[in-house]
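A quick write-up on the structure given underneath.
The values are calculated or read from the model by the stated rules, or taken from the named source; none is laboratory data. Because the structure is a prediction, the values reported are computed rather than measured. Ideal geometry is used to build each Cβ from the backbone, glycine not excepted, and the neighbour counts take in all protein chains shown. With ligands, DNA and RNA removed, areas are computed over all heavy atoms of the protein, side chains included. Shrake-Rupley method; radii C 1.70, N 1.55, O 1.52, S 1.80 Å.
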Amino acid sequence: EPVLASFDPPPLEAGLVVAGADGSQIYPDRHAAALYFAIQVGGLAMEIGSGLAPQVRTQSQLFYQDEDLHDQQGHPVGNAMVNGRRDAEEMKALADWAEAHTGRPFVALLDNGLLLWFAVQVREQNQKDVDRILQAYLGHLDRLQASGGCVAGFIDRPRSYDVLALAHLATLRPEAVSDEALRTNPFRALTDRALFEDLLEPGQRSACFVDGWPLNDDFRKKGHEVRFFYLKTDARGTIARVEVPVWVARDEARLGRAHAAILDQCRSTGGFPYALVR
């Protein structure tokens, strides 16, 4: 796709099902009366235009066994590891919804990006436990892909400047492209959001870009390389960053389905998907 192209949304498909999942947690507190942590994930699925009430699921889990509270080195489990387990449970909930609607046009929405950022925080100290959670998460993405559905991570008010960094590098001679050139990028005080507020009309999305973080290598090896686009969700100019796996980005039908579904979900909520608001 041309780098600064814009794309209008396709029409919504008949029978489209949109699901959302979001989680919360109680972190372990060594000063509490008991040592534990808890994870709760809420999920909702709705058939657009059917008039049927959305289906709702909530799962709460309490972790208090020694193997839950300590990693394989015997260290107490920290907040980052709890976040990782919560993220994996969110993706599991979306994969469950997707398999329940196999054969239907289906879009799963996550209230976050798709990369597991907890792994960046603790991987060096806890390789085995991080890899175990990461592989479970990627396995749920496998299930989503096999179901025929698609998944997208929704980030409102994004602060990243990946596209502006790319634009800066494009102005340089090839031999001048380096890490130092990125560090001296004159656009670092701006964000991609500022760029696409002017380039996109309401309802339009940008081209798709590859997320350049090294963590994306793990996703790439399993066929789930993370890509992203920017979307102007309403006439007020609200810009969201939407992350999708490569198998959505390269499939025109799936990508268009995600684009149209997110835009429709944002119409009555001020720029945030209804399924995630619920």
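Check region 29-39 and report whether any residue there is closer than 30 Å to Phe106 by Cα, surrounded by fewer than 16 Cβ atoms within 10 Å (Cβ to Cβ) and either out of contact with any Cys (no Cβ under 8 Å at 6 or more places or on another chain) or free of Cβ contacts under 8 Å to residues at least 12 places away in the same chain (or both).
So the first thing to find is which residues in region 29-39 are closer than 30 Å to Phe106 by Cα, and the list is 38-39.
Of the ones still in play, those that are also surrounded by fewer than 16 Cβ atoms within 10 Å (Cβ to Cβ) are none.
Taking every residue of region 29-39 in turn, none turns out to be closer than 30 Å to Phe106 by Cα, surrounded by fewer than 16 Cβ atoms within 10 Å (Cβ to Cβ) and either out of contact with any Cys (no Cβ under 8 Å at 6 or more places or on another chain) or free of Cβ contacts under 8 Å to residues at least 12 places away in the same chain (or both).
Considering only residues that are open to solvent by 70 Å² or more (accessible area, probe 1.4 Å) and either touching a Pro at 6+ places or on another chain (Cβ under 6 Å) or closer than 30 Å to Ala167 by Cβ (or both), which ones fall in region 1-21? It would help to see each step written out before you state the result.
So the first thing to find is which residues in region 1-21 are open to solvent by 70 Å² or more (accessible area, probe 1.4 Å), and the list is 1-4, 8, 11-14.
Once the filter is applied, which keeps residues that are open to solvent by 70 Å² or more (accessible area, probe 1.4 Å) and either touching a Pro at 6+ places or on another chain (Cβ under 6 Å) or closer than 30 Å to Ala167 by Cβ (or both), region 1-21 yields Glu1, Pro2, Val3, Leu4, Asp8, Glu13.
Can we say Ala88 is closer than 17 Å to Ala261 by Cα and either open to solvent by 60 Å² or more (accessible area, probe 1.4 Å) or modelled with pLDDT of 95 or more (or both)?
Values: closer than 17 Å to Ala261 by Cα: no; either open to solvent by 60 Å² or more (accessible area, probe 1.4 Å) or modelled with pLDDT of 95 or more (or both): yes.
Against the criterion (closer than 17 Å to Ala261 by Cα and either open to solvent by 60 Å² or more (accessible area, probe 1.4 Å) or modelled with pLDDT of 95 or more (or both)), Ala88 does not qualify.
Any residue in region 265-272 that is out of contact with any Gly (no Cβ under 8 Å at 6 or more places or on another chain), touching a residue at least 24 places away in the same chain (Cβ under 8 Å), open to solvent by less than 10 Å² (accessible area, probe 1.4 Å) and among the aromatic types (Phe, Trp, Tyr)?
Taking every residue of region 265-272 in turn, none turns out to be out of contact with any Gly (no Cβ under 8 Å at 6 or more places or on another chain), touching a residue at least 24 places away in the same chain (Cβ under 8 Å), open to solvent by less than 10 Å² (accessible area, probe 1.4 Å) and among the aromatic types (Phe, Trp, Tyr).
How about region 142-187: which of its residues are within 19 Å of Phe229 (Cα to Cα), charged (D, E, K, R) and not in a strand (DSSP E or B)?
Residues satisfying the conditions are Arg157, Arg159, Asp162.
Quick one: which of Val226, Val210 is surrounded by 18 or more Cβ atoms within 10 Å (Cβ to Cβ) and within 23 Å of Trp117 (Cβ to Cβ)?
Working: Val210 fails: surrounded by 18 or more Cβ atoms within 10 Å (Cβ to Cβ).
Checking each option against the conditions leaves just Val226.
State whether one or more residues within region 216-234 are of a type in the set (A, V, I, L, M, F, W, C) and out of contact with any strand residue (DSSP E or B) (no Cβ under 8 Å at 6 or more places or on another chain).
no
Go over the candidates Ser50, Ser24, Ser60 one by one and state the one that is closer than 20 Å to Pro273 by Cβ, in contact with a strand residue (DSSP E or B) (Cβ under 8 Å, 6 or more places away or on another chain) and exposed (fewer than 13 other Cβ atoms within 10 Å of the Cβ). Show your work before the answer.
Numbers: Ser50 fails: in contact with a strand residue (DSSP E or B) (Cβ under 8 Å, 6 or more places away or on another chain); Ser60 fails: closer than 20 Å to Pro273 by Cβ.
Only one candidate passes the filter, namely Ser24.
Suppose we filter region 221-247 for residues that are among the charged types (D, E, K, R) and either more than 21 Å from Gln135 (Cα to Cα) or free of Cβ contacts under 8 Å to residues at least 12 places away in the same chain (or both); how many remain? Explain how you work it out, then say what you get.
Start the filter on region 221-247 by keeping residues that are among the charged types (D, E, K, R), which leaves 221-222, 225, 227, 232, 234, 236, 241, 243.
Next, only the ones that are either more than 21 Å from Gln135 (Cα to Cα) or free of Cβ contacts under 8 Å to residues at least 12 places away in the same chain (or both) stay: 221, 232, 234, 236, 241.
Residues in region 221-247 being among the charged types (D, E, K, R) and either more than 21 Å from Gln135 (Cα to Cα) or free of Cβ contacts under 8 Å to residues at least 12 places away in the same chain (or both): 5 in total.
Would you tally the residues in region 206-229 being under 17 Å from Arg159 (Cα atoms) and in a strand (DSSP E or B)?
Of the residues in that region, 6 qualify.
Take Glu197 and decide whether it is loosely packed, with under 13 Cβ neighbours inside 10 Å, charged (D, E, K, R) and in contact (Cβ under 8 Å) with a residue 40 or more places away in the chain.
Numbers: loosely packed, with under 13 Cβ neighbours inside 10 Å: no; charged (D, E, K, R): yes; in contact (Cβ under 8 Å) with a residue 40 or more places away in the chain: yes.
No: the conditions fail for Glu197.
Name, by its number, the condition in (1) more than 21 Å from Arg57 (Cα to Cα); (2) surrounded by 21 or more Cβ atoms within 10 Å (Cβ to Cβ); (3) in contact (Cβ under 8 Å) with a residue 60 or more places away in the chain that does not hold for Val130.
It is condition (3) that Val130 fails.
Return yes when Arg86 is in contact (Cβ under 8 Å) with a residue 24 or more places away in the chain, out of contact with any Asp or Glu (no Cβ under 8 Å at 6 or more places or on another chain) and basic (Lys, Arg) and no when it is not.
Numbers: in contact (Cβ under 8 Å) with a residue 24 or more places away in the chain: yes; out of contact with any Asp or Glu (no Cβ under 8 Å at 6 or more places or on another chain): yes; basic (Lys, Arg): yes.
When the stated conditions are applied, Arg86 passes them.
Here is a yes/no grid of residues against (1) of a type in the set (A, V, I, L, M, F, W, C); (2) farther than 25 Å from Ala240 by Cβ; (3) open to solvent by less than 70 Å² (accessible area, probe 1.4 Å):
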site	(1), (2), (3)
Ala146	yes, yes, no
Gly153	no, no, yes
His168	no, no, yes
Ala176	yes, yes, yes
Glu180	no, yes, no
